[in-house]
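Beneath this line is the structure, given in structure tokens, with notes to follow.
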Amino acid sequence: MPSLRTALLQSSGRPGAVAENLKTLDEAAARAAEAGARLLVAPELFLTGYAIGDAVPVLAEPADGTGARAVAEIAVRHGLAVLYGYPERDGERIFNASQLIGADGVRLANYRKTHLFGCFEQEWFTPGEQTVVQTDLDGIRIGLLICYDVEFPENVRAHALAGTDLLLVPTAQMHPFQFVAESVVPVRAFESQMYVAYVNRVGPEGEFEFVGLSCLAGPDGTVRTRAGRGEELVIGEVDPEFLAASRAANPYLADRRPGLYGSLA
């Protein structure tokens with residue numbers, strides 16, 4: 001099975017400016033496709049911006065809203081799948097969500113963040129209730145989480161047990177928590193034997209300072225590609241043959257003793 005070339009868009013776009021953010025996404029998709037990528041991953045709440053305060057209910061849209069249709073057009077135009085973050089409206093509730101659109105413009109998966117971080121998110125968003133959301137892309141099982149979710153090992157282990165090969169984690173990681181990007185994410189990839197694409201916002205936005213450092217971590221705990229502290233598009237390979245070999249060599253999942261872990265729940 002061939003590798004899945006994956007592009008990570010490290011950018012905050014322009015908060016509150018959906019049209020401009022879609023243009024940035026379109027330009028990144030063109031560059032990613034030219035480099036042979038089959039998947040482009042954008043950060044948490046990329047469609048609208050993160051620090052948008054009371055504009056959240058104004059800019060929130062349903063999963064099949066105008067933003068989703070615009071992203072689908074981008075995916076089709078450039079022939080690659082696109083994962084992006086956005087505020088999803090469902091009736092009176094708003095979720096911090098991410099959506100994966102296939103190269104044919106069809107929605108492959110939609111995920112609602114289950115662990116909300118800080119006062120801002122807890123004020124505006126409803127937590128999701130489904131931990132494991134998956135789909136398949138080019139023969140690789142894709143799983144979705146968002147930012148803070150990946151800091152809970154239970155979430156990632158649940159994906160491992162469900163067969164996730166590549167975990168996509170759009171994020172808004174801020175100072176002073178850069179150790180998550182530098183250390184926690186590669187460990188999560190190793191301990192649960194999967195690839196993890198952690199794709200961050202960057203620079204100042206409202207009261208926040210996003211640290212960048214987006215990465216694609218492999219199942220051996222090494223970082224295959226890493227962005228710096230600025231706007232950047234980086235590309236890495238998700239190799240299913242290497243993943244299979246790593247899983248065969250690493251005993252973590254096989255040596256688990258679930259009967260001992262009941263107190264964790």
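The values are calculated or read from the model by the stated rules, or taken from the named source; none is laboratory data. Since the structure is predicted, the reported quantities are computational estimates derived from the model, not experimental observations. Quick reminder, even Gly has a Cβ in these numbers, built from the backbone with ideal geometry, and neighbours come from all protein chains shown. These accessible areas exclude ligands, DNA and RNA; they are computed on the full protein's heavy atoms, side chains included. Shrake-Rupley method; radii C 1.70, N 1.55, O 1.52, S 1.80 Å.
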Would you call Arg257 open to solvent by 10 Å² or more (accessible area, probe 1.4 Å) and farther than 27 Å from Leu100 by Cβ?
yes
Selection from the range 35-51 of residues that are buried (at least 18 other Cβ atoms within 10 Å of the Cβ) and touching a residue at least 60 places away in the same chain (Cβ under 8 Å):
Ala37, Arg38, Leu39, Val41, Ala42, Pro43, Glu44, Leu45, Phe46, Gly49, Tyr50, Ala51
Do the conditions hold for Arg229, that is, is it surrounded by fewer than 24 Cβ atoms within 10 Å (Cβ to Cβ), on the phi < 0 side of the Ramachandran plot and at pLDDT 95 or above?
yes
Considering residues that are basic (Lys, Arg), surrounded by fewer than 22 Cβ atoms within 10 Å (Cβ to Cβ) and either part of a strand (DSSP E or B) or under 16 Å from the mean Cα position of the chain (by Cα) (or both), the number found within the range 60-115 is 3
Within the range 4-13, can one find any residue that is under 11 Å from Leu80 (Cα atoms), surrounded by fewer than 22 Cβ atoms within 10 Å (Cβ to Cβ) and more than 13 Å from the chain's Cα centre (by Cα)?
yes
Within the range 171-179, is there a residue that is within 14 Å of the chain's Cα centre (by Cα), at pLDDT 95 or above, open to solvent by less than 30 Å² (accessible area, probe 1.4 Å) and under 19 Å from Thr225 (Cβ atoms)?
yes
Any residue at all in the range 24-34 that's part of a helix (DSSP H, G or I), open to solvent by 10 Å² or more (accessible area, probe 1.4 Å), at pLDDT 95 or above and touching a Phe, Trp or Tyr at 6+ places or on another chain (Cβ under 9 Å)?
yes
Of all the residues that make up the range 120-148, how many are open to solvent by 60 Å² or more (accessible area, probe 1.4 Å) and assigned to a strand (DSSP E or B)?
2
Considering residues of the range 219-261 that are touching a strand residue (DSSP E or B) at 6+ places or on another chain (Cβ under 9 Å) and part of a loop (DSSP other than H, G, I, E, B) only, the residue nearest to Gly13 (Cα to Cα)
Glu231
Got at least one residue in the range 149-162 being on the phi > 0 side of the Ramachandran plot and either without any contact (Cβ under 8 Å) to a residue 60 or more places away in the chain or not charged (D, E, K, R) (or both)?
no
Provide a single number: the residues in the range 180-204 that are open to solvent by 10 Å² or more (accessible area, probe 1.4 Å) and either closer than 17 Å to Tyr148 by Cβ or outside any helix (DSSP H, G or I) (or both).
8
Hits in the range 206-218 - residues which are open to solvent by less than 10 Å² (accessible area, probe 1.4 Å) and in a strand (DSSP E or B):
Phe210, Val211, Cys215, Leu216, Ala217
Collect the residues in the range 149-170 that are open to solvent by 10 Å² or more (accessible area, probe 1.4 Å) and either in contact with a strand residue (DSSP E or B) (Cβ under 7 Å, 6 or more places away or on another chain) or part of a strand (DSSP E or B) (or both), keeping them in residue-number order.
Ala162, Gly163, Asp165
Among (1) over 28 Å from Ile235 (Cα atoms); (2) without any contact (Cβ under 8 Å) to a residue 60 or more places away in the chain, Phe120 falls short only on (2)
Condition (residue is closer than 23 Å to Val58 by Cβ, acidic (Asp, Glu) and in contact with a strand residue (DSSP E or B) (Cβ under 9 Å, 6 or more places away or on another chain)) applied to the range 92-102: is it met by at least one residue?
no
Given the conditions (1) touching a residue at least 24 places away in the same chain (Cβ under 8 Å); (2) farther than 17 Å from Gly65 by Cβ, which single one is not true for Ser98?
(2)
